[in-house]
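Asker: The structure is given below, and queries will be raised subsequently.
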Amino acid sequence: MKRFSINLQARKIFQSVLCLTITLCLLASCSPKFTGWSKFTEFTFVQMTDPQIGFRDNTPGFEKSDSLFSKAVEAVNTLHPKCVFITGDLINDAYDKYQDSIYRANRSKINADVYEIPGNHDIRPWNPENHAHYLELRGYDRFSFRLNGCAFIGFDSNCIKDGWEKFEDSVVSVQNQQATGSQILPFFKDMDLWQDAMDAEDNQLKWLERELRKARSCRYIFVFLHCPVIREDIAEKDDYFNFHKKRRIKYIELFKKYGVDVVFAGHTHMDYDTTVDGIRFVTAGPVGSPLGRGYSGYEVVTVTEDGVDCKYVATPGVSQKLPEK
Ligand SMILES: [Fe+2]
């Protein structure tokens, strides 16, 4: 009799625990964000992008790039950021050891944890050899970690740009030639190269989705990559400085599914900031030489109880044309 009653009690406890677990699981899957945080400490992080040592720099010893990076690091250190993200194009020529030594010397002066991802000048183009070279130099090409209840996830945009996008470009090119009756060129000679990049993107995408799924209950989810998914508008024209339409829709849908808050990119050497379907797309201007209306600077991000403030700031002490306020 006693044994029966103990079994009954154990079964009741098991049922209660099971019920609670199922309820918690249902709550987590229904609500993209957990909002019941009781305590939160405000913090700052910084995004630096495109120091690109050697880019548009004819000065002896790449003095100009060195100075731009050095002044930016000096200014960023005064902000005491929790961490610093360098979103690619670390140096202009991935195989130039002198450029790399300048990059490393400045990077080592950053008084915070630094996380990097590759730009198109760091793996140029995406192929197994260039990718392996990057991994040998930097150790990793993606990251995912938590800080103060927020998720930080960075990945490589090169395999996306150099895989499916190049393949799709070529298909369109062949179709155009067929339509105009012009001679069809052997566009698919690089198929093996694209295939490697496409496989790399597939693998990375599986990893990315896994990491985003795990991050769903975080207070904020921040994503980092080199090439912007979009700069200003989801319908903008495909070009060198954004994802092709099919890719951008695919990634934006993924970010929406898992509640990504801000996507940080670089590559354009001028800053943009736009919001699509509740996701903010920040494209920071360069630490190094700017293009067009751009100017050298870095993105300062303050995360508070009430939200996320992102601001692109000109590097102090650099003589350059700034936009009128
Ligand atoms: Fe770039």
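Coordinate-derived values only; no laboratory data. Not measured: the values here are computed from a predicted model. Note that each Cβ is placed from the backbone with ideal geometry, even for glycine, and that neighbours are counted across all protein chains shown.
Asker: Report the gain in length on full extension from Asn111 to Lys321: 0.36 nm times residue separation, minus Cα-Cα distance, nm rounded to one decimal.
Answerer: Numbers: separation 210, 0.36 × 210 = 75.60 nm, distance 2.85 nm.
Stretched fully, the Asn111-Lys321 segment lengthens by 72.7 nm.
Asker: State the volume of the convex hull built on the alpha-carbon positions of the range 166-266, expressed per residue in Å³ and rounded to an integer.
Answerer: Values: hull volume 10.9 nm³, N = 101.
Value for the range 166-266: 108 Å³ per residue.
Asker: Extension gain Glu168-Thr275, at 0.36 nm per residue separation less the Cα-Cα distance, in nm? Intermediate results must be reported in sequence, preceding the final value.
Answerer: On the way: separation 107, 0.36 × 107 = 38.52 nm, distance 2.69 nm.
Between Glu168 and Thr275, full extension yields 35.8 nm more.
Asker: As a quick test, which of the pairs Lys97/Lys161; Lys214/Lys256; Lys166/Lys250; Lys166/Lys246; Lys64/Lys161; Lys71/Lys109 have an alpha carbon distance above 18 angstrom in this structure? Working shown, then result.
Answerer: On the way: Lys97/Lys161 26 Å; Lys214/Lys256 14 Å; Lys166/Lys250 16 Å; Lys166/Lys246 13 Å; Lys64/Lys161 29 Å; Lys71/Lys109 11 Å.
Too far apart for the 18 Å limit: Lys97/Lys161; Lys64/Lys161.
Asker: Around Thr283, under 10 Å between beta carbons, what's the net of Lys plus Arg minus Asp minus Glu among the other residues? Please list the in-between numbers first.
Answerer: Numbers: positive: Arg231; negative: Glu232, Asp271, Asp273, Glu299.
In short, -3.
Asker: Using a simple spin-label model with points 7 Å from Cα along the Cα→Cβ vector, what separation in nm is obtained for Glu232 and Glu74?
Answerer: Taking the two extended label points, one gets 3.5 nm.
Asker: Then there's this: Spin-label point model (7 Å from Cα, Cβ direction): what's the Phe143 to Glu253 distance in nm?
Answerer: So the two model labels end up 3.1 nm from each other.
Asker: For the peptides 303-313, 206-216, what is the packing order when you average, over each peptide's residues, the other Cβ atoms within 10 Å and list the highest mean first?
Answerer: Values: 303-313: 14.2, 206-216: 15.8.
In decreasing order of mean packing, 303-313, 206-216 become 206-216, 303-313.
Asker: Near Tyr298, within a Cβ-to-Cβ distance under 15 Å, what is the net charge of the other residues, with Lys and Arg +1 and Asp and Glu -1? Provide the component values of the computation, followed by the final result.
Answerer: Values: positive: Lys71, Lys82, Arg107, Lys109, Lys311; negative: Asp50, Glu74, Asp89, Glu116, Asp271, Asp273, Glu299, Asp309.
Charge balance near Tyr298 sits at -3.
Asker: By the scheme Lys and Arg +1, Asp and Glu -1, what is the net charge of all other residues having a beta-carbon under 14 Å from that of Tyr312?
Answerer: After counting each charged neighbour, the total is 0.
Asker: Hey, another quick one. Scan around Asp271 for amide H atoms under 5 Å from its own, H built in the peptide plane at 1.01 Å from N, and keep only partners 5 or more places away or cross-chain.
Answerer: Counting only residues 5 or more places away or on other chains, the set is Gly285, Tyr295.
Asker: Still on this structure, I have one more. Please say if the range 41-314 is rounded, prolate or oblate, where rounded means a/c under 1.5 for a ≥ b ≥ c the square roots of the C-alpha gyration tensor eigenvalues, and otherwise the choice is prolate for a/b larger than b/c and oblate otherwise? All intermediate terms of the calculation are to be shown ahead of the outcome.
Answerer: Values: a/c = 1.72, a/b = 1.26, b/c = 1.37.
Note, shape of the range 41-314 comes out oblate.
Asker: Another one. Ordered by packing density, taken as the mean number of other Cβ atoms within 10 Å over each peptide's residues, highest first, how do 245-255, 145-155 rank?
Answerer: 145-155, 245-255
Asker: Let me ask you something else. Which stretch or stretches of the range 127-167 have amide N atoms under 16 Å from the point lying 7 Å from Arg213's Cα along the Cα→Cβ direction?
Answerer: Zone members listed by number: none at all.
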